[in-house]
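The values are calculated or read from the model by the stated rules, or taken from the named source; none is laboratory data. These figures come from a predicted structure and were not determined experimentally. Cβ coordinates were reconstructed from backbone atoms using ideal geometry, including for glycine residues, and neighbour counts include every protein chain displayed. When the accessible area is computed, the model is the full protein with side chains, heavy atoms only, and any ligands, DNA or RNA have been set aside. Shrake-Rupley method; radii C 1.70, N 1.55, O 1.52, S 1.80 Å.
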Amino acid sequence: MEMLFREARGAAENAYAPYSKFRVGAALLAADGTIFTGCNVENRSFGLTICAERSAVVQGISQGRRSFTALAIAAPDSAVPVGPCGACRQVLSEFMAPEAPIRFGGSGPERVDATMGELYPHDSLHDLAK
Ligand code: THU
């Protein structure tokens with residue numbers, strides 16, 4: 001997971017965050033072992049901002065993957081670890097099993113380790129999934 005976190009940290013360098021000055025990177029491990037990274041992409045119409053996590057999901061899905069087994073998120077401009085926002089938890093839950101590990105960190109050495117199911121419990125829409 002720490003290797004995945006380093007990938008996320010590298011992806012944060014590509015963040016387009018001129019408004020918040022808050023860079024985020026995500027690294028998503030596909031079931032076949034491929035890693036897809038993403039960063040936050042802001043917009044001057046602020047509500048159009050795309051988070052790093054959804055950016056990584058879009059990369060993986062666009063390359064033909066449908067299943068992801070782990071995720072790491074790096075927020076180098078934050079003193080504390082930053083977990084995925086609510087919208088991203090919904091989107092991630094579409095493609096990650098409840099037991100899939102998710103690690104997140106900020107600028108320091110502290111890491112939070114959780115699972116998809118812990119971050120998004122009571123997924124009542126799950127039965128709609130194909
Ligand atoms: N952001 C992410 O990319 N992922 C998160 O998990 C939290 C927030 C971005 C959105 C925005 O560009 C900036 O961080 C500040 O909210």
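A few comments on the model shown:
- Among the residues of segment 36-56, those identified as more than 10 Å from the ligand (Cβ to nearest atom), touching a residue at least 24 places away in the same chain (Cβ under 8 Å) and more than 15 Å from Phe95 (Cβ to Cβ) are Thr37, Arg44.
- Top-ranked residue of segment 57-67 - restricted to ones that are crowded, with 16+ Cβ neighbours inside 10 Å and either under 14 Å from Gly25 (Cα atoms) or within 11 Å of the chain's Cα centre (by Cα) (or both), ranked as nearest to the ligand (Cβ to nearest atom): Val57
- On inspection, Gly33 fails the criterion of being open to solvent by less than 70 Å² (accessible area, probe 1.4 Å), within 15 Å of the ligand (Cβ to nearest atom), of a type outside the set (A, V, I, L, M, F, W, C) and without any contact (Cβ under 8 Å) to a residue 60 or more places away in the chain.
- Residue satisfying all of: in segment 1-18; closer than 19 Å to Met96 by Cβ and touching a strand residue (DSSP E or B) at 6+ places or on another chain (Cβ under 6 Å); surrounded by the fewest Cβ atoms within 10 Å (Cβ to Cβ) among these: Met1
- Single unsatisfied condition, Gly38 versus (1) open to solvent by 60 Å² or more (accessible area, probe 1.4 Å); (2) over 16 Å from Met1 (Cβ atoms); (3) assigned to a strand (DSSP E or B): (1)
- Residues located in segment 19-30, provided they are open to solvent by 50 Å² or more (accessible area, probe 1.4 Å) and either within 12 Å of Val58 (Cα to Cα) or more than 13 Å from the chain's Cα centre (by Cα) (or both): Tyr19, Ser20, Lys21, Phe22
- Long-range neighbours under 7 Å by Cβ, at least six apart or interchain, first residue part of a loop (DSSP other than H, G, I, E, B) within segment 72-88, second charged (D, E, K, R) and near the ligand (Cβ under 7 Å from one of its atoms): Pro84/Glu53
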